[in-house]
Amino acid sequence: MPILMVKNLTKIYESGMIIRRYIEAVRNVSFSIEEGEIVSLVGESGSGKTTTANIILRFLKPTSGEILVDGKDIWRDIKTFEELREYRKRVHAVFQDPFSSYNSFYPVDRVLYQALELLDKNPKSPESKSLIEEALISVGLEPKHILGKYPHQLSGGEKQRLMIARCWLIKPKLIIADEPVSMIDASTRGGIIELFEKLKEEEKTSILFITHDMGLAYYISDKILIMYLGEIVEQGSPEEIISNPKHEYTKNLIESIPTLYRRWE
Amino acid sequence: MNNLILQVENARAYYIVENNYIRAIDDVSLDIREGEVVGIVGESGSGKTTLTNVMLMNIKKPLSFIDGKVSLFSNGRVIELNKIPREELQKNIWGKETSIIPQSAMNALMPTKRIKDSILDVMKTHFEEIHEKEIIDKAKTRFEEIGVSKDAIFRYPFELSGGMRQRAVIAVATLLNPRFLIADEPTSALDVSTQKMVLKTIQNLREKGIVKSIAFITHDIATVRQIAETLVVMYAGKIVEISPMEEIIREPLHPYTKGLLYSVVTPEPEVKKRGVYHIPGAPPNLMYPPPGCRFHPRCKYKLDICKKDEPKLKIINNRKVACFLY
Ligand SMILES: Nc1ncnc2c1ncn2[C@@H]1O[C@H](COP(=O)(O)OP(=O)(O)O)[C@@H](O)[C@H]1O
Ligand SMILES: [Mg+2]
């Protein structure tokens with residue numbers, strides 16, 4: 001059974017007080033992710049990627065369609081706070097800029113404490129302390145260089161490693177990663193990519209990797225979904241998508257991507 | 001080799017902030033020759049934009065030109081730009097001899113002005129008197145030449161797509177047929193299909209003879225590799241390598257160039273085969289750059305000398321590299 005199944009998902013945003021306007025942000029989207037699989041959702045900004053992610057994360061209600069995680073419908077079968085909490089342990093998010101909002105005023109330790117609280121552990125206990133250190137080391141961070149610092153004292157790469165350290169604490173079955181490396185300089189990006197690969201290999205974590213970068217999707221994924229104007233217009237293995245794109249949009253996209261080892265024409 | 005158009009020799013340009021120097025350009029030398037597209041790559045903060053201001057000698061506080069020489073070669077004359085007052089550069093050099101598509105210019109167009117009025121404003125900085133009709137006609141022609149409808153000049157920026165706006169900026173920057181054009185991250189804010197179009201537009205500027213030489217600045221090697229014949233690699237305010245494009249892609253010499261190239265992720269089988277590298281650590285704060293080679297704290301090949309002495313660019317065949325391994 002797949003970890004995640006998305007069936008005929010549709011989200012229509014309504015706006016306007018007097019003249020109501022409807023925007024179909026996601027239209028009839030279906031796909032699935034198996035255990036230990038990395039699936040990329042590729043599309044340009046505005047194509048519906050983040051809306052899809054927010055619905056899977058249960059931040060946003062769909063207009064219609066079903067999301068099944070381990071066979072349970074997340075909008076129908078999760079009713080109590082306890083069930084929602086369980087869900088947050090199974091499905092975890094890694095965002096583009098994790099410290100953009102309220103977290104920017106607190107030492108970075110806080111994001112790890114939050115993870116421990118989700119696990120019902122007292123963040124200040126000696127056990128928690130060693131869990132935190134272990135998690136930091138697995139993502140290549142030196143605990144004494146990180147703990148007690150404020151977000152602005154860390155580089156983009158370090159902050160993103162820290163968010164992935166949370167995944168090492170919680171060990172979710174599924175990670176929804178929305179543009180997790182797009183703010184990180186090229187020369188450090190490879191290190192973050194390795195961390196996702198390591199979670200997949202060592203913990204059999206499944207990852208929905210959301211990106212506008214086809215090169216990245218090609219490199220990291222087992223399967224690629226191409227999203228365009230709210231719809232998934234094509235899906236397949238990275239090799240299929242790159243060497244034999246079928247949809248006009250995908251063809252045009254792939255032709256436009258600059259290549260390193262070949263010069264155009 | 002073709003004639004020189006612009007030559008930067010041992011330039012230093014520092015930002016002065018609270019009595020401290022930020023050594024953004026530190027002993028940089030670079031030749032731009034006629035007919036050439038030179039790509040300049042480096043990560044954010046490596047000094048690329050500061051270098052564009054040095055090439056133009058557009059030095060404004062807090063930036064200060066410490067020493068060095070910037071020479072423009074024009075009709076057999078050599079003009080030392082670093083000795084010319086700003087007003088004179090504005091009247092006689094900028095826009096006519098050298099010009100720039102500034103980083104983020106397409107988003108900096110005045111939202112309340114039609115494109116044509118922005119063009120007239122720019123022209124007023126170059127001429128005491130302007131003939132409006134003549135300039136408008138010229139602009140219309142240039143817009144058509146680079147593939148934008150001439151009516152776009154009567155529009156407001158928000159009425160144009162990103163690609164159109166960027167091409168409008170290109171048209172304005174090249175209106176007076178400058179011989180040397182600098183493009184600072186001209187494609188970075190655009191989505192991929194528009195990037196390709198804008199890249200072609202810039203390539204055509206040289207093919208149509210609108211400009212002679214181009215410096216194309218970006219953090220994206222795969223993009224610049226499509227258009228430039230020479231690649232200049234910057235790290236922490238210095239040039240670490242200069243090389244013909246094909247050779248540097250095939251065999252990068254400087255350890256930083258290697259790290260940078262091998263971290264590029266494009267949808268190509270070669271990338272899957274070689275894997276995606278990363279360079280540990282982060283670039284230095286340019287207020288306190290490390291002694292010796294600025295890359296040595298992150299370099300896995302470092303020698304003792306790298307911690308003490310600054311490597312100079314050394315010529316190896318038709319390439320240059322600043323590294324003690326060579
Ligand atoms: N106006 C400024 N005042 C002070 N420091 C600046 C200013 N502009 C740039 N810098 C610093 O100069 C260095 C080089 O910056 P820049 O030339 O903009 O690099 P790039 O274009 O490669 O991103 C960086 O350390 C940056 O923080
Ligand atoms: Mg810049």
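Give region B:258-276 a look and list any residue that's among the β-branched types (Val, Ile, Thr) and without any contact (Cβ under 8 Å) to a residue 40 or more places away in the chain, or say none.
Correct list: B:VAL265, B:VAL271, B:VAL276.
Restricted to region A:33-47, and to residues that are assigned to a loop (DSSP other than H, G, I, E, B) and either polar (S, T, N, Q) or at pLDDT below 95 (or both), which residue is surrounded by the fewest Cβ atoms within 10 Å (Cβ to Cβ)?
Taking region A:33-47 first, the residues assigned to a loop (DSSP other than H, G, I, E, B) are A:34-37, A:43-47.
Pick out the ones that are also either polar (S, T, N, Q) or at pLDDT below 95 (or both) and you get A:43-47.
Details: A:GLY43: 26, A:GLU44: 16, A:SER45: 9, A:GLY46: 12, A:SER47: 23.
So the residue we want is A:SER45.
Looking only at region B:133-144, count how many residues are among the charged types (D, E, K, R) and within 17 Å of B:GLY95 (Cβ to Cβ). Full working, then the answer.
Start the filter on region B:133-144 by keeping residues that are among the charged types (D, E, K, R), which leaves B:133-134, B:137-138, B:140, B:142, B:144.
Among the residues that remain, those that are also within 17 Å of B:GLY95 (Cβ to Cβ) are: B:134, B:138, B:142.
Of the residues in region B:133-144, 3 are among the charged types (D, E, K, R) and within 17 Å of B:GLY95 (Cβ to Cβ).
Somewhere in region B:107-124, is a residue closer than 24 Å to B:ALA168 by Cβ and small (Gly, Ala, Ser)?
From region B:107-124, those closer than 24 Å to B:ALA168 by Cβ are B:107-124; that's our starting set.
Now drop any that are not small (Gly, Ala, Ser), which leaves B:108, B:118.
Yes; the residues of region B:107-124 include at least one that is closer than 24 Å to B:ALA168 by Cβ and small (Gly, Ala, Ser).
Mind listing whichever residues of region B:181-202 are closer than 25 Å to B:SER46 by Cβ and more than 10 Å from every other protein chain (Cβ to nearest Cβ)?
Selection gives B:LEU181, B:ILE182, B:ALA183, B:ASP184, B:GLU185, B:PRO186, B:SER188, B:ALA189, B:LEU190, B:VAL198, B:ILE202.
Given the conditions (1) exposed (fewer than 15 other Cβ atoms within 10 Å of the Cβ); (2) touching a residue at least 40 places away in the same chain (Cβ under 8 Å); (3) assigned to a helix (DSSP H, G or I), report the number of the one that A:LEU112 does not fulfil.
A:LEU112 satisfies every listed condition except (1).
Give region A:144-157 a look and list any residue that's away from chain B (no Cβ under 13 Å), assigned to a helix (DSSP H, G or I) and open to solvent by 10 Å² or more (accessible area, probe 1.4 Å), or say none.
Result: A:LYS144, A:HIS152.
Anything in region B:1-27 that is open to solvent by 40 Å² or more (accessible area, probe 1.4 Å) and within 9 Å of ligand 1 (Cβ to nearest atom)? List them, or say none.
Passing the criteria: B:TYR15, B:ILE16, B:VAL17, B:ILE22, B:ARG23.
Name the residues in region A:207-218 that are of a type in the set (Gly, Ala, Ser) and surrounded by fewer than 21 Cβ atoms within 10 Å (Cβ to Cβ), would you?
Taking region A:207-218 and keeping what is of a type in the set (Gly, Ala, Ser), we get A:215, A:217.
Residues satisfying the conditions do not exist here.
Say we look at region A:250-265 and pick out the residues that are more than 14 Å from B:ALA222 (Cβ to Cβ) and open to solvent by less than 30 Å² (accessible area, probe 1.4 Å); which of these is nearest to the other protein chains (Cβ to nearest Cβ)?
Selected residue: A:LEU253.
Could you figure out which of (1) charged (D, E, K, R); (2) open to solvent by 30 Å² or more (accessible area, probe 1.4 Å); (3) at pLDDT 95 or above isn't true of B:ARG319?
(2)
If B:PRO290 meets every condition in (1) away from ligand 1 (no atom under 16 Å from the Cβ); (2) closer than 20 Å to A:THR188 by Cβ; (3) free of Cβ contacts under 8 Å to residues at least 24 places away in the same chain apart from one, which number is that one?
Failed condition: (1).
Looking only at region B:254-270, count how many residues are within 7 Å of chain A (Cβ to nearest Cβ) and within 19 Å of B:VAL233 (Cβ to Cβ). Can you show your working first?
Pass one, region B:254-270, residues within 7 Å of chain A (Cβ to nearest Cβ): B:259-260, B:263-268, B:270.
Now narrow it down to the ones that are within 19 Å of B:VAL233 (Cβ to Cβ): B:259-260, B:263-266.
So the answer is 6.
Could you count how many residues in region B:38-94 are among the hydroxyl-bearing types (Ser, Thr, Tyr), within 16 Å of ligand 2 (Cβ to nearest atom) and away from every other protein chain (no Cβ under 14 Å)? Break it down stepwise before answering.
Here is the first cut: in region B:38-94, the ones among the hydroxyl-bearing types (Ser, Thr, Tyr) are B:44, B:46, B:49-50, B:52, B:64, B:71, B:74.
From what's left, within 16 Å of ligand 2 (Cβ to nearest atom): B:44, B:46, B:49-50, B:52.
Right, trim to away from every other protein chain (no Cβ under 14 Å) and you get B:49-50, B:52.
Of the residues in that region, 3 qualify.
For region A:50-74, which positions are open to solvent by 60 Å² or more (accessible area, probe 1.4 Å), in contact with a strand residue (DSSP E or B) (Cβ under 9 Å, 6 or more places away or on another chain) and free of Cβ contacts under 8 Å to residues at least 40 places away in the same chain? Spell out how you get there, then give the answer.
Step one: list which residues in region A:50-74 are open to solvent by 60 Å² or more (accessible area, probe 1.4 Å), which gives A:50, A:59, A:61, A:63, A:66, A:72.
Checking the rest, the ones that are also in contact with a strand residue (DSSP E or B) (Cβ under 9 Å, 6 or more places away or on another chain) come to A:50, A:59, A:61, A:63, A:66.
Matches in region A:50-74: A:PHE59, A:LYS61.
Any chance region A:219-242 includes a residue that's in contact (Cβ under 8 Å) with a residue 60 or more places away in the chain, open to solvent by less than 20 Å² (accessible area, probe 1.4 Å), away from chain B (no Cβ under 14 Å) and assigned to a strand (DSSP E or B)?
Yes, the conditions are met somewhere in region A:219-242.
The values are calculated or read from the model by the stated rules, or taken from the named source; none is laboratory data. Treat the numbers as computed from the prediction; the structure is a model and nothing was measured. As a convention, Cβ positions derive from the backbone with ideal geometry for all residues, glycine included, and neighbour counts pool all protein chains shown. Just the protein is used for accessible areas: all its heavy atoms, side chains included, with ligands, DNA and RNA removed. Shrake-Rupley method; radii C 1.70, N 1.55, O 1.52, S 1.80 Å.
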